[in-house]
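Since the structure comes first, as structure tokens, the remarks are kept for the end.
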Amino acid sequence: MANLKSKTKIQNALVDCLNKTRMSSMSVKMICDEAQVNRSTFYRHYDSIDSAISITISAYFSLLFGEPYKFYLKHQSIDESQYYISNNIFSHVYHDAYFYKTMFQQYSNFELLFKNHIQQRYITFFKDTGLENDMLLTKEIVADYIASAYVGMIHSWILRDFQETPETMARQLIILNSNGPIRLLVEAKKRQRD
């Protein structure tokens, strides 16, 4: 328990330090002072600041999706699974807003890491459902599109200081993913003429 507590303190301190200073100026001493732990405690958990950041990001990312395949097996519905995944992601980002806001602002590779994580999780989901070979586009292209939409919407949502609820964001993303932006424009044009 003490190990987990000190690791959590270091991860929280790392994010705090990253929020206050540039990555290139950060030191192990700075993180340890913020976490109120000694250097040996830091090095018991991490080899370097880079490994601490990588492990911290992975810890947050591991909470994003929930268990989409188990959900899909139970409900056998892509629509319900899509909402389950989307709602989990937006709720998680909202709950851990400080982390995501800090990482988008201060860690230059974060956007790409975030997109790649979401893309890989969707590729896995497509494989798990057994639908990957019956899609009109490759699973990689579809997952890339979905991941890009998530990261773009989440980044904008953070910049708007979370004006919408996670549920609203999830539903908006589902509308875009289900209909595509061009189809939405075509339908809007038709309604405008009527």
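The values are calculated or read from the model by the stated rules, or taken from the named source; none is laboratory data. Worth saying up front: this structure is predicted, and the values here are computed from it rather than measured. Here Cβ is always computed from backbone atoms with ideal geometry, including for glycine, and neighbour counts include all displayed protein chains.
Condition (residue is in contact with a helix residue (DSSP H, G or I) (Cβ under 8 Å, 6 or more places away or on another chain), in contact (Cβ under 8 Å) with a residue 12 or more places away in the chain, of a type outside the set (Gly, Ala, Ser) and not in a helix (DSSP H, G or I)) applied to segment 65-76: is it met by at least one residue?
Yes - at least one qualifying residue is present in segment 65-76.
Would you point out which residue out of Ile174, Ile154 is surrounded by 13 or more Cβ atoms within 10 Å (Cβ to Cβ) and modelled with pLDDT of 95 or more?
Ile154 is the lone residue from the list that is surrounded by 13 or more Cβ atoms within 10 Å (Cβ to Cβ) and modelled with pLDDT of 95 or more.
Filter segment 132-151 down to residues that are of a type in the set (Val, Ile, Thr) and in a helix (DSSP H, G or I) and give me whichever is surrounded by the fewest Cβ atoms within 10 Å (Cβ to Cβ).
Across segment 132-151, the extreme among qualifying residues is Ile141.
Which one of these is in the same structural domain as Arg171 (by TED's automatic domain parsing) and under 30 Å from Leu131 (Cα atoms): Asp79, Asp96?
One residue alone meets the criteria, Asp79.
Inside segment 43-89, can you point out the residues that are surrounded by 13 or more Cβ atoms within 10 Å (Cβ to Cβ) and of a type in the set (Gly, Ala, Ser)?
Answer for segment 43-89, where residues must be surrounded by 13 or more Cβ atoms within 10 Å (Cβ to Cβ) and of a type in the set (Gly, Ala, Ser): Ala52, Ser54, Ala59, Gly66, Ser81, Ser86.
Name the one entry in Leu14, Leu73, Leu64 that is more than 12 Å from the chain's Cα centre (by Cα) and closer than 29 Å to Gly130 by Cβ. Step through it out loud before you land on a result.
Values: Leu14 fails: closer than 29 Å to Gly130 by Cβ; Leu64 fails: more than 12 Å from the chain's Cα centre (by Cα).
When all the criteria are applied, what remains is Leu73.
Considering only residues that are modelled with pLDDT under 95, touching a helix residue (DSSP H, G or I) at 6+ places or on another chain (Cβ under 7 Å) and not charged (D, E, K, R), which ones fall in segment 1-17?
Answer for segment 1-17, where residues must be modelled with pLDDT under 95, touching a helix residue (DSSP H, G or I) at 6+ places or on another chain (Cβ under 7 Å) and not charged (D, E, K, R): just Ser6.
Check off (1) surrounded by 18 or more Cβ atoms within 10 Å (Cβ to Cβ); (2) under 23 Å from the mean Cα position of the chain (by Cα) for Val37 and give me the number that stays unchecked.
If we test Val37 against (1) surrounded by 18 or more Cβ atoms within 10 Å (Cβ to Cβ); (2) under 23 Å from the mean Cα position of the chain (by Cα), just (2) comes out false.
Sort out which residues of segment 109-149 are aromatic (Phe, Trp, Tyr) and either within 30 Å of Ser24 (Cα to Cα) or not assigned by TED's automatic domain parsing to the domain that holds Ser77 (or both), and write them in order of number. Outline the logic, then answer.
As a first pass, look at segment 109-149 and keep what is aromatic (Phe, Trp, Tyr): 110, 114, 122, 125-126, 145.
Within segment 109-149, Phe110, Phe114 qualify.
Filter segment 87-113 for residues that are more than 13 Å from Val151 (Cα to Cα) and not in a helix (DSSP H, G or I) and give the result.
If the condition is that a residue be more than 13 Å from Val151 (Cα to Cα) and not in a helix (DSSP H, G or I), then Asp96, Tyr107, Ser108 are the ones that fit.
What are the pairs with Cβ atoms under 7 angstrom where one residue, in segment 81-99, is within 22 Å of Ser58 (Cβ to Cβ) and the other, located anywhere, is hydroxyl-bearing (Ser, Thr, Tyr) and crowded, with 17+ Cβ neighbours inside 10 Å? Sequence gap at least six, or different chains.
Partner pairs satisfying both residue conditions: Ile89/Tyr150; Val93/Tyr100; Asp96/Tyr60; Phe99/Tyr60.
If I ask for residues that are without any contact (Cβ under 8 Å) to a residue 24 or more places away in the chain and either within 14 Å of the chain's Cα centre (by Cα) or loosely packed, with under 13 Cβ neighbours inside 10 Å (or both), which ones from segment 117-131 would you list?
Gln120, Gly130
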